[in-house]
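Data block below; observations after.
The values are calculated or read from the model by the stated rules, or taken from the named source; none is laboratory data. Because the structure is predicted, anything quoted here is derived from the model rather than measured. Here the Cβ is made from the backbone with ideal geometry for all residues, glycine too, and neighbour counts use every protein chain on show.
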Amino acid sequence: MLRRKEGDHRGVLCVTDAFDGPRGDGPSGYLHLEEAGYLAGLRYPKRRGDYLIGRYVGKRAVAALVGEPDPAEFRIDRGVFGHPVVRGTARAGVQVSITHSGSAAAAVAFDEAHPMGIDLEQIDESRLPTLLRQLSGDERALVDQLGLPLLEAAVRLWSARESLTKAMRTGLTVPMPLLEVSAAVATVGCVRFEFRNFFQFAAMTVRLGAYCLALALPRYTRLDPLTLPAGTLGSPAEVRLG
Ligand SMILES: CC(C)(COP(=O)(O)OP(=O)(O)OC[C@H]1O[C@@H](n2cnc3c(N)ncnc32)[C@H](O)[C@@H]1OP(=O)(O)O)[C@@H](O)C(=O)NCCC(=O)NCCS
């Protein structure tokens with residue numbers, strides 16, 4: 001439940017790291033014919049696997065939001081920026097954001113009145129130097145003060161930024177400094193980030209085993225972190241900069 005002063009919205013989040021759907025050729029139980037056609041044109045096994053698991057979680061999330069019993073009845077197309085576009089549901093104005101990472105994927109379905117974006121990142125030590133290079137001085141101070149392992153804090157911040165760019169449909173094509181985080185509030189299981197230049201949005205992050213999940217949403221929306229998948233976090237902390 002996405003709580004707003006002017007009225008609530010609903011969203012559905014679907015996450016899996018145990019995809020047991022078909023990865024081979026041909027239409028599967030949940031793909032629309034046009035999706036199966038797109039899959040047939042994909043040559044690389046990794047891209048095929050990503051597409052399949054991404055469509056799987058995306059379609060389950062949309063189906064649950066709109067009450068569509070057969071996920072093969074509607075489709076998730078690609079928009080001009082590569083973003084997912086829902087077509088063919090009985091209810092209009094439904095959108096979805098999709099992410100895949102390692103063997104896992106996540107998607108959030110929502111109404112177009114309430115834009116959102118999602119990202120899933122592996123907490124991978126080898127990425128730490130690259131992640132730290134992307135941080136501003138203020139952001140580095142912020143991750144240091146969160147009371148989390150440095151790697152986890154840096155991945156959460158990065159993932160928050162990426163989820164924001166999904167909500168905005170730009171992806172990471174904008175200059176990195178524009179995506180700077182200005183505040184982070186940690187509660188048990190969740191760190192919520194705010195952005196210096198995109199103050200309309202916030203991003204909530206949770207840890208899921210070896211992954212970090214980030215959900216960007218309008219800043220004044222209240223989402224109970226306990227409704228997100230359970231995670232682990234050290235002692236609660238609040239850090240505000242600038
Ligand atoms: C979009 C982006 C942030 C995705 O990050 P990633 O680490 O590659 O991958 P993720 O698994 O987290 O997300 C991939 C999914 O994001 C979605 N996506 C792609 N582009 C998107 C965009 N511009 N806005 C919102 N969502 C987008 C898609 O659903 C995609 O999965 P799919 O291709 O299976 O449908 C990154 O690829 C990027 O910045 N790309 C550049 C965007 C670009 O060049 N667009 C063309 C401009 S003309």
In segment 79-92, anything under 19 Å from the mean Cα position of the chain (by Cα) and without any contact (Cβ under 8 Å) to a residue 24 or more places away in the chain is listed as V85
Among the candidates S163, S126, residue that is of a type in the set (S, T, Y) and either outside any helix (DSSP H, G or I) or farther than 19 Å from L223 by Cα (or both): S126
Taking the criterion of being touching a His at 6+ places or on another chain (Cβ under 6 Å) and modelled with pLDDT of 95 or more, would at least one residue in segment 111-124 satisfy it? yes
Please name all residue pairs, on different chains or six or more residues apart, with Cβ atoms under 6 Å, provided the first residue is in segment 1-20 and is closer than 19 Å to S163 by Cβ and the second residue is of a type in the set (S, T, Y) and modelled with pLDDT under 90. D17/S103
Within segment 205-234, restricting to residues that are part of a strand (DSSP E or B) and either free of Cβ contacts under 8 Å to residues at least 40 places away in the same chain or aromatic (F, W, Y) (or both), the one that is surrounded by the fewest Cβ atoms within 10 Å (Cβ to Cβ) is V206
Looking at V143, V185, V181 in this structure, which one is surrounded by fewer than 22 Cβ atoms within 10 Å (Cβ to Cβ) and farther than 25 Å from S103 by Cβ? V185
Going through segment 62-83 one residue at a time, which ones are near the ligand (Cβ under 8 Å from one of its atoms) and crowded, with 22+ Cβ neighbours inside 10 Å? I76
Kindly provide the set of residues from segment 84-105 that are among the β-branched types (V, I, T) and near the ligand (Cβ under 9 Å from one of its atoms), ordered by number. V96, I98, T99
